[in-house]
Every structure is written in C-alpha cells, then in structure tokens.
1. Rounded to two decimal places and with Rh computed the Kirkwood way over Cα pairs, what is Rg over Rh for the stretch 109-151?
2. List the lysines whose Cα lies under 29 Å from the Cα of Lys32, skipping any in the same chain that are fewer than 8 positions away.
3. How big is the stretch 2-132 by the Kirkwood estimate over distinct Cα pairs, in Å?
4. Any chance you could list the semi-axes, whole Å, largest first, of the equivalent ellipsoid that the Cα gyration tensor gives for the stretch 52-114, using √(5λ)?
5. Counting Lys and Arg as +1 and Asp and Glu as -1, what is the net charge of the other residues whose Cβ lies under 15 Å from the Cβ of Trp111?
6. Using helices alone, what [θ] at 222 nm do you get for the chain, with -39,500 (n - 2.57) per DSSP H run of 4 or more residues, divided over all residues and rounded to the nearest 500?
7. Explain nothing, just the number: dipole magnitude of the chain about its Cα centre with +1 on each Lys and Arg Cβ and -1 on each Asp and Glu Cβ, in debye rounded to the nearest 20.
8. What is the Cα centroid distance between the stretch 52-112 and the stretch 4-23, reported in whole angstrom?
Amino acid sequence: MEFIRPASSSDVSRIAEIIVFNYRINFYPIFKNDPFYFGELNVIDTAAEYTAGSDNLKNTYVYDDGVVKGMIRVSGSEIEKLYVEPQFQSSGIGARLLEYAVDKLDADNLWALEYNTRGISFYKKHGFVPNGEKIIEDEWVPLIKMVLKEK
C-alpha cells in the first residue's frame with residue numbers, strides 16, 4: 001500500500017511520540033493517573049522499546065508520506081497497537097494501516113480498551129466485532145477481544 005512501509009530505527013522517536021501523545025489524549029481522561037501519564041509514560045522510555053532488531057520494531061509498520069503520521073504493530077495475527085498522530089486522525093490513515101495489517105499481514109484480532117468507545121467504533125466500522133472474551137490487564141485495565149468477521 002502506498003505510504004506504508006516497515007518501520008526502521010530512524011522512525012523510533014516518531015513512533016514513540018505518536019504512542020505517548022495518543023495515550024495521553026485518549027486514555028488519560030479515562031484513568032486520570034497523573035504519575036503514569038505525565039511521569040512514567042514518556043517518549044524516551046517508549047522509544048527504548050523499539051531498539052534496532054527488537055521484535056517491537058520488526059513488527060511495526062508506519063504510514064509515511066514524507067512525515068510519519070501513524071503506526072501499527074502486529075504480532076502473528078494480533079494487532080497490538082494502532083495509532084495515528086492526533087492532528088491527522090479522521091483522514092483515513094488509521095483505516096489504511098488497518099487494511100494493510102489485514103490484507104498483507106493476515107491480522108484478524110486485537111484487544112481494545114473496554115472504555116475506548118471511539119476505538120471500538122472504528123474497529124467495528126472496519127469489520128471487527130467483540131467475541132465475548134475479556135481480560136484485565138495490569139490488574140485494573142479492562143480489555144475486550146475483537147475479531148475480524150468472516151468475509
């Protein structure tokens with residue numbers, strides 16, 4: 001797909017910025033955890049998770065039209081992360097990344113934050129449905145499993 005390519009080590013800081021800003025914008029209003037969102041969660045530590053040769057970097061793809069505007073990380077058939085720079089959301093980038101993961105990487109499932117109604121709506125619009133599975137991550141974060149409907 002045009003503009004989507006495997007992430008490289010030169011993308012790490014952009015990937016980290018996109019993840020951190022999305023967590024703060026989308027999840028801070030739900031959890032209101034100042035020490036985590038404005039202390040523990042930072043670009044430097046997040047970037048360190050994407051070191052050269054790491055599975056995180058190997059499994060990440062970016063939307064790059066001259067500027068890295070979004071990222072998706074897929075492990076096996078599971079979409080682990082999908083984020084678009086907030087300024088570029090609602091412009092089709094997330095849909096293109098998701099389509100790439102489904103069509104080119106055979107992704108067919110993901111875990112979504114139960115309270116993330118916007119994200120869940122996005123995934124439903126693109127053919128994913130909750131399958132009834134639910135887990136609690138980190139002892140207090142409720143996630144629901146979504147799977148790709150039969151085509």
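1. Expressed as Rg/Rh, it is 0.98.
2. Correct list for Lys32: Lys69, Lys81, Lys124, Lys125, Lys134, Lys145.
3. About 15.1 Å for the stretch 2-132.
4. Each semi-axis is the square root of five times an eigenvalue, giving 18, 15, 11 Å.
5. Result for the local shell: -2.
6. About -8500 deg cm²/dmol.
7. Charge dipole, the chain, about its Cα centre: 500 debye, nearest 20.
8. Cα centroid to Cα centroid, the span is 10 Å.
Since every read-out is calculated from the coordinates, none of them should be taken as a lab result. Source: prediction; values computed, not measured. Note: ideal-geometry Cβ built from the backbone for every residue, glycine included; neighbour counts use all protein chains shown.
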